[in-house]
Amino acid sequence: MILKVLSLFPGFVESFFSTSILAKAVEKRILSYENVNIRDYTTDKHRTCDDAPYGGGAGMVLKPEPLGAALAAVGADQFRTIYPTPGGRLFNQAYAEELSKEETLIFICGRYEGIDQRIIDLYVDDEISIGDYVLSSGELAAFVLIDAVFRLLPGVLSSESLEEESYKSGLLEYPQYTRPEVYQGLRVPEILLSGNHALIQQWRKEQSLCKTQRYRPDLLEKLKQEGKGYGFN
Ligand code: SAM
């Protein structure tokens, strides 16, 4: 997969791509990225990228010309182009799976009050919100989207670890434990030490269900409406 990230803070983007398993995926050539500085596409001597909104109001808006020129340079008309914005469709695991099938994705990182609507009209395929809150930076939102997508690419994680994750079955994942057996007086549930895989599976399913009931009853309702039962046999 090729990821092209357009931002006013290329140092921030670089630090993201050079960290942890994302850096390993780049090293293994599972993905490559282009870190595009929108400011490189300005034409005035102050390298201006923002301006006041028409109609008045607080804040600044990313100007269309430099951003449009950057988008044209990375071939936004040929590839799926994403603008992370609180005003977009809500992101979820199914959406991440859909995006992971693309060969190339372009991300526009907004700042200030956002970007000129005409850029959205001309270039953007998906406006995506990562949640019902407002961040100051489109970079962080783009990182969330990229992280959720790239880990689904073949060769990044084992298929087993993806299979059992939260949302895959429509439920939240069961609790995880590692050594030591007792930590600050709290014991690992006996069943996980039993070696009985059928019982462990059963316990995990029950825990998944309890956790989902507690934190996300809406997910159980959705499974019910879709006639899917509780996402496991
Ligand atoms: N004025 C905008 C509004 O009310 O919708 C908010 C702009 S926000 C301060 C600056 C940038 O952060 C946005 O252009 C967007 O790229 C990003 N952003 C903030 N919250 C986000 C969210 N929940 N999902 C996706 N992107 C977000």
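If you check 136, 158, 169 for being small (Gly, Ala, Ser) and closer than 27 Å to residue 27 by Cβ, only one passes: 158.
Right, residue 143: under 20 Å from residue 11 (Cβ atoms) and out of contact with any Asp or Glu (no Cβ under 6 Å at 6 or more places or on another chain) or not? Spelling it out, residue 143 is indeed under 20 Å from residue 11 (Cβ atoms) and out of contact with any Asp or Glu (no Cβ under 6 Å at 6 or more places or on another chain). In the range 148-170, the count of residues that are within 16 Å of the ligand (Cβ to nearest atom), touching a residue at least 12 places away in the same chain (Cβ under 8 Å) and part of a helix (DSSP H, G or I) is one or more. The requirement of being more than 16 Å from residue 112 (Cβ to Cβ) and either modelled with pLDDT under 95 or of a type outside the set (D, E, K, R) (or both) is fulfilled somewhere in the range 56-68, by at least one residue. Look through 162, 153 and report the one residue that is closer than 23 Å to residue 97 by Cβ, modelled with pLDDT under 95 and either in contact with a strand residue (DSSP E or B) (Cβ under 6 Å, 6 or more places away or on another chain) or of a type outside the set (Asp, Glu) (or both). From the options 162, 153, the qualifying one is 162.
Selection of first residues in the range 78-99 that are within 18 Å of residue 172 (Cβ to Cβ) and in contact (Cβ under 8 Å) with a residue 40 or more places away in the chain and of second residues that are assigned to a loop (DSSP other than H, G, I, E, B) and within 14 Å of the ligand (Cβ to nearest atom), restricted to Cβ pairs under 6 Å at least 6 apart or on distinct chains, gives the following pairs, ordered by first then second residue: 91/130.
The values are calculated or read from the model by the stated rules, or taken from the named source; none is laboratory data. Computed from a predicted model, the values in this text were never measured in an experiment. Cβ: placed from backbone, ideal geometry, glycine included. Neighbour counts: every protein chain shown.
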